[in-house]
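Chemist: The structure follows.
The values are calculated or read from the model by the stated rules, or taken from the named source; none is laboratory data. This structure is a prediction, so every number in the text was calculated from the model and none was measured. Here Cβ is always computed from backbone atoms with ideal geometry, including for glycine, and neighbour counts include all displayed protein chains. When the accessible area is computed, the model is the full protein with side chains, heavy atoms only, and any ligands, DNA or RNA have been set aside. Shrake-Rupley method; radii C 1.70, N 1.55, O 1.52, S 1.80 Å.
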Amino acid sequence: KSDVFYEVENFVNDLHGEPNPSFRGKAKGKNVFIISLESMQSFVLNRKMEGHEITPFLNDLMKESYYFPNFYHQTGQGKTSDAEFLVDNSLYPLPSGAVFFTHAENEYNGLPEIISREGYYPAVMHANHASFWNRDIMYDALGYKRYFSADDFEINENNSVGWGLKDIDMFEQSIAHLTSLPEPYYVKYLTITNHFPYALEKEDEFIPQWTSTSETVNRYFTTVRYTDEAVKRFFQRLKEEGVYENAIFIFYGDHYGISEYHNKELGEFLGKEITPFESVQLQRVPLLIHIPGEQGGTFDTIGGQIDLKPTILNLLGIDEGEDLSFGNDLFSNERPGLVVLRDGSFITEKYIYTKNKCYDKSNESEIEIEACEPFIEEAQLQLDQSDKVIYGDLLRFYENK
Ligand code: GP9
Ligand code: MN
């Protein structure tokens, strides 16, 4: 093992708090559904567009789920694939490029691999070509056993729009694949209809488009509403199939959908100016953990995608083994209180740091840099140390395979 390895290992050991023991094994042995909500940002939750609820199903589901309103995406240029990388490895994606492409030959200690050692069957459902984002190669490295991709779905002109198979059809067609899997399974679903440019046919619009000067923002609400409907119908089908009861569902937004280019219109919608502070807050994405029969609750804990791996493992009652992971169980009482975004911006309990400026969360105003200073070095160090794991292929030194 190299010096760098020991340096990173020591750094990582200091990052970890004890996962919450009362959540350990809460979903032990259950089938796991992890559902990536394409381009969905938290600002659409519990909100109306001209009187129309944008996410009625998720808003209801949230009342019977563990819900984290202060959960941030941490992706870079690798977009959806970066979110997948964060979730499976609890490592940051790279400062530029997509790690799915650049480092697919590395050794990983992926969540799918860890849980398959405990008898889980990890699979992915996504109706795009298998090689998109180099997924066919990377999924092997992460330990997935089956990838149901475009070839496994019936895709035609009638059931596709924009990027391909519509979410409602994708979920419906996935049922046959799902029920063929050995249990317990861990299945990742990647939705796609709510992807830029947010194309949808009239017949699939459950709410009208908005009427601002940004076509993109206008359509976004309508496609978000569509995906919400797709998930609702999927739940109905799972109940019919008798699959719902013995499962845990984790919904997460993969990354932002509305870029800064549309700040004027988004600001109109939100009724506030989009300052750099607000831009960081807009990087919050939905996170709902739904366990049938559990009441759930709202947790205002600040967290990010990097925390999902330890959270899921604790819920399943599975140890991560020897690992270099940077996140912490979201339910833990020993969390570090620092969320680092890939561009170096960060969020603490009290402050937000972005573009070399420090903001006070209580009144959203810019304050002296001193308040943020204690965290600046730590935030950069976390990113750098995580990059070292990838550049140095450091996970190859562990033998818990
Ligand atoms: C395509 C889907 C969308 O397979 O992952 O990709 P994105 O552009 O969001 O990364
Ligand atoms: Mn995406």
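Chemist: Here are some conditions: (1) among the aliphatic types (A, V, I, L, M); (2) in a loop (DSSP other than H, G, I, E, B); (3) touching a Phe, Trp or Tyr at 6+ places or on another chain (Cβ under 7 Å). Ala27 meets all but one. Which one does it not meet?
Modeler: All conditions are met except number (3).
Chemist: Mind counting the residues in the range 295-325 that are among the hydrophobic types (A, V, I, L, M, F, W, C), open to solvent by less than 20 Å² (accessible area, probe 1.4 Å) and either assigned to a loop (DSSP other than H, G, I, E, B) or touching an Asp or Glu at 6+ places or on another chain (Cβ under 7 Å) (or both)?
Modeler: Residues meeting the conditions: 4.
Every residue, every condition in (1) under 22 Å from the mean Cα position of the chain (by Cα); (2) at pLDDT 95 or above; (3) of a type in the set (Val, Ile, Thr), yes or no:
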site	(1), (2), (3)
Asp204	no, yes, no
Pro208	no, yes, no
Ser214	no, yes, no
Val224	yes, yes, yes
Gln236	no, yes, no
Asn246	no, yes, no
Asp254	yes, yes, no
Asn263	no, yes, no
Gly271	no, yes, no
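Chemist: Here is a follow-up. Quick one: Glu260 ticks every box in (1) under 27 Å from Leu15 (Cα atoms); (2) among the acidic types (Asp, Glu); (3) open to solvent by 10 Å² or more (accessible area, probe 1.4 Å) except a single one, so which number is it?
Modeler: (1)
Chemist: Further question: Residue check, Asp60 against (1) touching a residue at least 40 places away in the same chain (Cβ under 8 Å); (2) within 29 Å of Lys361 (Cα to Cα); (3) surrounded by fewer than 23 Cβ atoms within 10 Å (Cβ to Cβ), all met but one. Which one?
Modeler: Result: Asp60 fails condition (1) only.
Chemist: Now for a different question. From the set of residues in the range 25-52 that are crowded, with 19+ Cβ neighbours inside 10 Å and of a type in the set (D, E, K, R), which is farthest from ligand 1 (Cβ to nearest atom)?
Modeler: Looking at the filtered set, the residue picked out is Lys30.
Chemist: Further question: Check Ala230 against each of (1) touching a residue at least 12 places away in the same chain (Cβ under 8 Å); (2) more than 16 Å from ligand 2 (Cβ to nearest atom) and name the one condition it does not meet.
Modeler: All conditions are met except number (2).
Residue-by-condition table, conditions (1) assigned to a strand (DSSP E or B); (2) within 11 Å of ligand 1 (Cβ to nearest atom); (3) open to solvent by less than 10 Å² (accessible area, probe 1.4 Å):
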residue: Glu113; (1), (2), (3): no, no, no
residue: Gly119; (1), (2), (3): no, no, no
residue: Asn128; (1), (2), (3): no, yes, no
residue: Asp136; (1), (2), (3): no, no, no
residue: Tyr139; (1), (2), (3): no, no, yes
residue: Tyr144; (1), (2), (3): no, no, no
